[in-house]
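Below is one structure, written out as structure tokens, with a few remarks after it.
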Amino acid sequence: MKEKISNLLETAINSINSAESIDVLNDLRVALLGKSGSVTGLLKGMKDVEPSERPKVGQMVNELRVKIETALNEKIAFIKEKDLEKRLLSEKIDITLPAKRKKVGALSPITLVKNELIDAFSGLGFEIFEGPEIELDEINFQKLNIPKDHPARDMQDTFYITENILLRTHTSPGQVRVMTSKNPPIKVMCPGRVYRSDDDATHSPIFHQIEGLVVDKNISLCDLKGSLEEILKRIFGDKIKTRLRPSYFPFTEPSVEIDVSCFECGGKGCKLCKGTGWIEVLGAGMVNRKVLENCGIDPDVYTGYAFGIGLERIAMLKYHVPDIRMYFDSDIRFIKQFK
Ligand SMILES: [Zn+2]
């Protein structure tokens, strides 16, 4: 019996020592100490042992169990430690490697100009109205006094979805949507994207405008000039002068182009103002009687002014952007300059 015990101890310790994984050790634990394991089997042989020897043999079997248990636990702890060491080595972080920097962009100059304008117009009491970019022909053109076959449609050729549904060519349909849903006094700005079949260094098929509309009793061209002068000074600086030139838009009468004195040369003439001393910045005018009528507003009681500002153009002037396509190139070097 004593021999059996020492043999079992020897083979058990050998197996434990040569085991290389925790799974193998767990199997060994079952095979040695489990219900039908070898050590338990020894106890079953106790009936053949002399009764006087039994307590001693019993103690030896118990010692055997403790030794095997201890050997198993030590080996498991050893393997766990080795695994951890291996993992730490394989997951080592080289702190001398340069970090991956996240590239941070900046707000587009168009957004900067838009925010600046919205801020300025809000200060004058304008509310924001945003209309849909997919618009009805009726609202984009007809109610604005541009019937089908009107020559002004040539300048605003766009993308048609059906014969009567199109991508809006300007933010002016916002005027119609506000006037047909609200009674004067009206004072709104409509910022947004617009679309035309244009594509060159100064024209893009997609661009941005801010439309302004004021309708009330006794609104005159002086109100238009005063408000816009205020806004343009905020954008281009206090020193600029403004002038109104006669122009033509179907939806305003009279219509004007508003120029600012060149903020580069102070009006002396330079490359930016093409030697004229003046820079054209936006189109405006008094809302055409017909447009007011089309929108259900009595033109004998109310008058109004409207204007449209091209954001790309303002940003090009303000930030000296030579080509409109740079806005849409997603070049981080371009955008970073506006941080
Ligand atoms: Zn100039």
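The values are calculated or read from the model by the stated rules, or taken from the named source; none is laboratory data. The model shown is predicted, which means the values in this text are computed figures rather than measured ones. Cβ placement follows ideal geometry from the backbone for every residue including glycine, while neighbour counts extend to all protein chains displayed.
Remarks
- Highlighted here are the helices (runs of 4 or more DSSP H) found entirely within the stretch 109-181 that include at least 3 residues which are in contact with a strand residue (DSSP E or B) (Cβ under 9 Å, 6 or more places away or on another chain): 109-123, 173-179.
- Test result for residue 228, more than 35 Å from the chain's Cα centre (by Cα) and within 30 Å of residue 299 (Cβ to Cβ): no
- Residues satisfying the stated conditions in the stretch 298-309, i.e. surrounded by fewer than 21 Cβ atoms within 10 Å (Cβ to Cβ) and either within 16 Å of the ligand (Cβ to nearest atom) or in contact (Cβ under 8 Å) with a residue 24 or more places away in the chain (or both): 301, 302
- Residue selected from the stretch 265-297 under the condition under 17 Å from residue 322 (Cα atoms) and touching a helix residue (DSSP H, G or I) at 6+ places or on another chain (Cβ under 9 Å), by the criterion surrounded by the fewest Cβ atoms within 10 Å (Cβ to Cβ): 272
- Meets criteria (closer than 22 Å to residue 185 by Cα and either surrounded by fewer than 18 Cβ atoms within 10 Å (Cβ to Cβ) or touching a helix residue (DSSP H, G or I) at 6+ places or on another chain (Cβ under 6 Å) (or both)) for residue 339: no
- Hey, residue 48 at pLDDT below 85, charged (D, E, K, R) and on the phi < 0 side of the Ramachandran plot or not: yes
- Any hit, the stretch 152-160, residues being surrounded by 13 or more Cβ atoms within 10 Å (Cβ to Cβ), assigned by TED's automatic domain parsing to the domain that holds residue 223 and touching a Pro at 6+ places or on another chain (Cβ under 6 Å): yes
- Among the criteria (1) at pLDDT 90 or above; (2) under 22 Å from the mean Cα position of the chain (by Cα), the one residue 102 does not fulfil is (1).
- Subset of the stretch 238-261 [away from the ligand (no atom under 13 Å from the Cβ) and assigned to a loop (DSSP other than H, G, I, E, B)]: 238, 250, 251
- Pair list, Cβ < 7 Å and 6+ apart or interchain, from the stretch 31-60 residues that are in a loop (DSSP other than H, G, I, E, B) to residues that are loosely packed, with under 14 Cβ neighbours inside 10 Å: 37/30
- Listed by first and then second residue, the pairs linking a residue in the stretch 262-289 that is under 18 Å from residue 239 (Cα atoms) and in a strand (DSSP E or B) to a residue that is near the ligand (Cβ under 8 Å from one of its atoms) and not aromatic (Phe, Trp, Tyr), with Cβ atoms under 9 Å apart and 6 or more places separating them unless they lie on different chains, are 278/262; 278/267; 279/262; 279/264; 279/272; 279/273.
- Just so you know, in the stretch 317-339 the residues that are touching a residue at least 12 places away in the same chain (Cβ under 8 Å) and hydrophobic (A, V, I, L, M, F, W, C) include one that is farthest from residue 289 (Cα to Cα), and it is 332.
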